[in-house]
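Below you'll find the structure, written out as structure tokens, and then a few comments.
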Amino acid sequence: MVTPEDIGKRVQDDAGRVGVLCDVIEDYRDPTVRPSGCPAQTVAFLRPEGGGREWLVPPGAVNLA
């Protein structure tokens, strides 16, 4: 599991994707979903090491690589 103290470190998610931890946000709500249809959750934002599209995962599904 990662925490805000791990931001900037190399990580791997449970799907085997390796990237860099950009942020851990508590009470995140997906902006593409109506507020009433999306409960707040804690998410980790990861990005590929060489740059590219970020992806979101639960912090419990991410470990330091």
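Read-outs: derived from the displayed coordinates by stated rules, not from any lab. Bear in mind the structure is a predicted one, so any value in this text is a computation, not a measurement.
Amide H to amide H under 5 Å from Val62: which residues, 5+ apart in sequence or cross-chain, H placed 1.01 Å off N in plane?
Val2
With the cut-off at 1.5 for a/c, could you classify the stretch 21-63 from its C-alpha gyration tensor as rounded, prolate or oblate?
Because a/c hits 1.5 or more and a/b fails to exceed b/c, the stretch 21-63 counts as oblate.
Taking H placed 1.01 Å from N in the peptide plane, check which residues at least 5 places from Asp23 or on another chain put their amide H under 5 Å from its amide H.
Close amide H contacts, sequence-distant or interchain: Phe45.
Can you run phi through the Karplus equation (6.51, -1.76, 1.60; θ = phi - 60°) for the stretch 43-52 and list ³J(HN,Hα) in whole Hz, with x for Gly and Pro?
Calculated HN-Hα couplings, in order: 9, 10, 9, 10, 9, x, 4, x, x, x Hz.
So what is the relative contact order for the chain, in percent, with contacts set as C-alpha pairs under 8 Å and at least six apart?
Averaging sequence separation for qualifying contacts and normalising by length gives 40 percent for the chain.
Residue-wise, which Karplus ³J(HN,Hα) couplings in Hz belong to the stretch 27-41, taking 6.51 cos²θ - 1.76 cosθ + 1.60, θ = phi - 60°, and x for glycine or proline?
Running phi through 6.51 cos²θ - 1.76 cosθ + 1.60 with θ = phi - 60° gives 6, 6, 10, 4, x, 8, 10, 4, x, 6, x, 9, x, 5, 8 Hz.
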